[in-house]
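Report on the structure given below.
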Amino acid sequence: MKPTPPAPSVDPFVDPPADAPRETCEPAAAHELFRRLAHTTAYLIGTPVAFMIAVLAIVLWAVTGPLFHFSDTWQLIINTGTTVVTFLVVFMIQNTQNRDSKAMHLKLDELIRAVKTARNAMVNIEDLPDAEIARLQREMRAVCSKREGRRDGRDPHRSTHS
């Protein structure tokens, strides 16, 4: 089987063509800056310290409720703050997840390529339509079921419903 050629980059900012003018490459620097910011933010938000800061902010907000007579402004502060933070963090975390997913696919593609008995057609299957992925999943389950039958000492071609 021929190896599957690598798919072209879907993000021209990440890998601009070598002959691209300098102006085209400048967004790549902004992209890298955002990637670093997103990675650092996702890491920091996932720490126990960040959780404790969030809990402390909520406790501080709740404690100040009587001081501000539980006013609409007092409620608006927490609602606006949490909405803005959530909105921004979603983009940061999604960027990190996208990057992790790409890296995982590349690692798996390398393993598929390196193992002689693996099907190179499995490389880049994440780009296939859902129906084709579902078909491959059914095929893989059938192969695994046959192997399990052999390990159990059963004949995989023989019916177990006697």
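Some points to look at:
- When the convex hull of its Cα atoms is projected in every direction, mean area for the stretch 68-122 (nm²): 5.3
- Residue 55-residue 104 FRET efficiency (beta carbon distance; Förster radius 30 Å; 0.05 resolution): 0.40
- Residue-wise HN-Hα couplings along the stretch 83-90, as the Karplus relation 6.51 cos²θ - 1.76 cosθ + 1.60 with θ = phi - 60° gives them from phi, are 5, 5, 4, 4, 4, 6, 5, 4 Hz; Gly and Pro carry x.
- The residues of the stretch 89-134 expose, per residue, 75 Å² of accessible area to a 1.4 Å probe.
- D by Stokes-Einstein for the stretch 77-156, Kirkwood Rh over Cα pairs, 10 °C, 1.306 mPa s: 97 µm²/s.
- Size of charge dipole - the stretch 47-155 - debye, nearest 20, with Cβ of Lys, Arg +1 and Asp, Glu -1, no other charges: 720
- Percent of Cα pairs in the stretch 25-73 per distance bin of 10 Å, from zero to the largest separation: 22, 25, 22, 20, 9, 1.
- With DNA, RNA and ligands ignored, accessible area of residue 91 (1.4 Å probe; Å², nearest 10): 110
The values are calculated or read from the model by the stated rules, or taken from the named source; none is laboratory data. Since we're looking at a predicted model, the values are computed, not measured. Note: ideal-geometry Cβ built from the backbone for every residue, glycine included; neighbour counts use all protein chains shown. SASA here: full protein model, heavy atoms, side chains in, ligands and nucleic acids out. Shrake-Rupley method; radii C 1.70, N 1.55, O 1.52, S 1.80 Å.
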